[in-house]
1. Residues that are away from ligand 2 (no atom under 16 Å from the Cβ) and basic (K, R): does the range 3-26 have at least one?
2. With the condition kept exactly as written, say whether any residue in the range 53-71 is over 22 Å from the mean Cα position of the chain (by Cα) and not polar (S, T, N, Q).
Amino acid sequence: MECFEHSGSNSVGVCKACGKAVCRTCVVDAGVAIACSDRCAKEAADVHEMNQRGKKLYGIGTDRKNLPSGVVMWLLFGALFSGYGIYASLRSREPEWFLLLFSAVSFFIAWLAYHRAKDVGIQC
Ligand SMILES: [Zn+2]
Ligand SMILES: [Zn+2]
């Protein structure tokens, strides 16, 4: 392939942003890709940055599966209230229904949130 700007020069690659062929003289190193101009280099870097953030958001390429923070929060609520509910129930020798019910609801919401996050695939 010939350079888009310099006919006769062999291209060394294709601009990541606009797709034009570039030769050794006009190629710009965008760090993550090659570009034909500073403007395209910035564009390519921006697209790369966007991809990186998207990957992070959807948990692509990460080994550990993070629990979404909403799920963690409701799990903590559930654990806290079930712990306190059981403790209070043992102390007063009768079940503290409100606390136990609240912990059950918290675990249920955590379960719902977990499955919703799994369906959507978003980790936040
Ligand atoms: Zn370009
Ligand atoms: Zn060129």
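Every number here is computed from the coordinates shown, using simple stated rules; none is lab data. In this text the structure is predicted, and so the values were computed from the model without any measurement. Please note: Cβ atoms are built from the backbone with ideal geometry, for glycine as well, and neighbour counts cover all protein chains shown.
1. Taking the range 3-26 first, the residues away from ligand 2 (no atom under 16 Å from the Cβ) are none.
No: zero hits.
2. Going through the range 53-71, the residues over 22 Å from the mean Cα position of the chain (by Cα) turn out to be none.
No, the range 53-71 has no match at all.
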